[in-house]
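**Student:** Got a structure here, written out as structure tokens. Questions coming.
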Protein chains: 2
Amino acid sequence: MTQLNTDPRAATIAADPTVPAIHITRDFRATPAQLIRAHTDPEIVPLWMGPAKRTMAVDYWDARSGGSWRYVDTTDDVELGFHGCFHEISDERIVQTFTFEGMPEGVALETMTFEDLGDGLTRLHAKSLCDSFEARDGWLASGMETGVDEGYRALDGLLTEGRV
Amino acid sequence: MTQLNTDPRAATIAADPTVPAIHITRDFRATPAQLIRAHTDPEIVPLWMGPAKRTMAVDYWDARSGGSWRYVDTTDDVELGFHGCFHEISDERIVQTFTFEGMPEGVALETMTFEDLGDGLTRLHAKSLCDSFEARDGWLASGMETGVDEGYRALDGLLTEGRV
């Protein structure tokens, strides 16, 4: 049987050696279609994405190739906005842009693919291509692994409860 | 007086030394607003962009932050599609994604800024961030400078005629 890697602490976050990208890999007990829904359904995304203590409110969310999205996070009364456009949403992958409005100059290009491992398991491959190594290294130094791990742990819970 | 660089053959196309990006720089006798319009108005874009011998037909074009675009080129009866989404269209810059449908896996992130040089001149800075050095070097080897130079020369003509 395929080795299952759903320990939230085992999400892999790695710097690309040649381009200013971050690679995240994480296994889920889910189908690719469930993971695509988890990342695109505006009713589901706020239930799991990001650090546990944040509250996420969708401003707009048009999940189709050529659509766009924006949400506002609230943590300890501090509001932070994020927005982008969806370049592609297909059965193969999600490609979208990403800007954190606290650093409005920065734009990352995010690509998510979903590898069916069999046995009801899917491996998420998420890549964030930044426009400079400085920007990439800033994200890696920001404590992003807390939000990644807490978010994926919450998504594990939604999947177990049959809510995705 | 500022040195004017509107010789079409003098458009600068350069590989970034550290990230997989292409930088294009070109001066125009135009305002920043005219250059933004030239890149976003679906009535104007097909009049100048790309190689002189191609015919460009806009499929859809929603020029706003969060909108999307697609056009089809015809050259010698061969049709090629291109599409993407507009991450940002503002007075400061245009940020958009770009896919050539002949290589649908590839997605570039394009950023255009418009530097007002005074004296009615504006310097266009265009950056295409590719997802690998191989993809970037493929574009540089593709003969793209012909389309770039012929396109900008046509745009010079539209500006001179007062059509932008």
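**Student:** Here is a list of conditions, (1) buried (at least 19 other Cβ atoms within 10 Å of the Cβ); (2) under 22 Å from A:G66 (Cβ atoms), and B:A57 meets all of them except one; can you say which number that is?
**Tutor:** (1)
**Student:** Taking the stated definitions as given, is B:T111 open to solvent by less than 30 Å² (accessible area, probe 1.4 Å) and assigned to a strand (DSSP E or B)?
**Tutor:** For B:T111, the condition - open to solvent by less than 30 Å² (accessible area, probe 1.4 Å) and assigned to a strand (DSSP E or B) - is not met.
**Student:** If you don't mind, another one. What is the residue count in the range B:85-94 for residues that are over 20 Å from A:P20 (Cα atoms) and part of a strand (DSSP E or B)?
**Tutor:** Counting residues in the range B:85-94 that are over 20 Å from A:P20 (Cα atoms) and part of a strand (DSSP E or B) gives 6.
**Student:** Another question about this same structure. On the basis of being within 13 Å of chain B (Cβ to nearest Cβ), within 29 Å of B:H83 (Cβ to Cβ) and crowded, with 19+ Cβ neighbours inside 10 Å, does A:V45 make the cut?
**Tutor:** no
**Student:** Considering (1) over 15 Å from the mean Cα position of the chain (by Cα); (2) aliphatic (A, V, I, L, M); (3) away from every other protein chain (no Cβ under 11 Å); (4) more than 19 Å from A:D59 (Cα to Cα), say which one A:M112 fails and leave the rest.
**Tutor:** Of everything listed in (1) over 15 Å from the mean Cα position of the chain (by Cα); (2) aliphatic (A, V, I, L, M); (3) away from every other protein chain (no Cβ under 11 Å); (4) more than 19 Å from A:D59 (Cα to Cα), A:M112 misses just condition (1).
**Student:** Do you know which of the residues in the range A:81-92 that are surrounded by 17 or more Cβ atoms within 10 Å (Cβ to Cβ) and more than 19 Å from A:E43 (Cα to Cα) is farthest from the other protein chains (Cβ to nearest Cβ)?
**Tutor:** A:E88
**Student:** In addition: Considering only residues that are open to solvent by 40 Å² or more (accessible area, probe 1.4 Å) and in contact (Cβ under 8 Å) with a residue 24 or more places away in the chain, look in the range B:60-71 and name the one that is farthest from the other protein chains (Cβ to nearest Cβ).
**Tutor:** B:A63
**Student:** Restricting to the range A:48-59, what's the tally of residues that are modelled with pLDDT under 95 and either in contact with a helix residue (DSSP H, G or I) (Cβ under 7 Å, 6 or more places away or on another chain) or within 14 Å of chain B (Cβ to nearest Cβ) (or both)?
**Tutor:** 3
**Student:** Condition test on B:L121, is it more than 9 Å from chain A (Cβ to nearest Cβ) and either under 18 Å from B:V148 (Cβ atoms) or buried (at least 19 other Cβ atoms within 10 Å of the Cβ) (or both)?
**Tutor:** Considered against the rule, which asks whether it is more than 9 Å from chain A (Cβ to nearest Cβ) and either under 18 Å from B:V148 (Cβ atoms) or buried (at least 19 other Cβ atoms within 10 Å of the Cβ) (or both), B:L121 comes out as yes.
Yes or no, residue by residue, for (1) of a type in the set (K, R); (2) touching a helix residue (DSSP H, G or I) at 6+ places or on another chain (Cβ under 8 Å); (3) facing chain A (nearest Cβ under 10 Å); (4) in a strand (DSSP E or B):
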position	(1), (2), (3), (4)
B:D73	no, no, no, yes
B:E79	no, no, no, yes
B:G102	no, no, no, no
B:D116	no, yes, no, yes
B:H125	no, no, no, yes
B:S128	no, yes, no, yes
B:D137	no, no, no, no
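**Student:** Moving on to the next point. Inspect the range A:142-159 for any residue being open to solvent by 40 Å² or more (accessible area, probe 1.4 Å), within 14 Å of chain B (Cβ to nearest Cβ) and out of contact with any Asp or Glu (no Cβ under 9 Å at 6 or more places or on another chain) and give the result as yes or no.
**Tutor:** No, the range A:142-159 has no match at all.
**Student:** Within the range B:92-100, is even one residue closer than 23 Å to A:F98 by Cβ and in contact (Cβ under 8 Å) with a residue 40 or more places away in the chain?
**Tutor:** yes
Condition check ((1) touching a helix residue (DSSP H, G or I) at 6+ places or on another chain (Cβ under 8 Å); (2) assigned to a helix (DSSP H, G or I)) across all residues:
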{"site": "B:H83", "(1), (2)": "no, no"}
{"site": "B:Q96", "(1), (2)": "no, no"}
{"site": "B:G147", "(1), (2)": "no, yes"}
{"site": "B:E150", "(1), (2)": "yes, yes"}
{"site": "B:R153", "(1), (2)": "yes, yes"}
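**Student:** Regarding A:T113, is this residue without any contact (Cβ under 8 Å) to a residue 24 or more places away in the chain and in contact with a strand residue (DSSP E or B) (Cβ under 7 Å, 6 or more places away or on another chain)?
**Tutor:** yes
The values are calculated or read from the model by the stated rules, or taken from the named source; none is laboratory data. Predicted model only: the values in this text are computed from it and were never measured. Ideal geometry is used to build each Cβ from the backbone, glycine not excepted, and the neighbour counts take in all protein chains shown. To get the accessible areas, we keep the full protein, side chains included, count just its heavy atoms, and leave off ligands, DNA and RNA. Shrake-Rupley method; radii C 1.70, N 1.55, O 1.52, S 1.80 Å.
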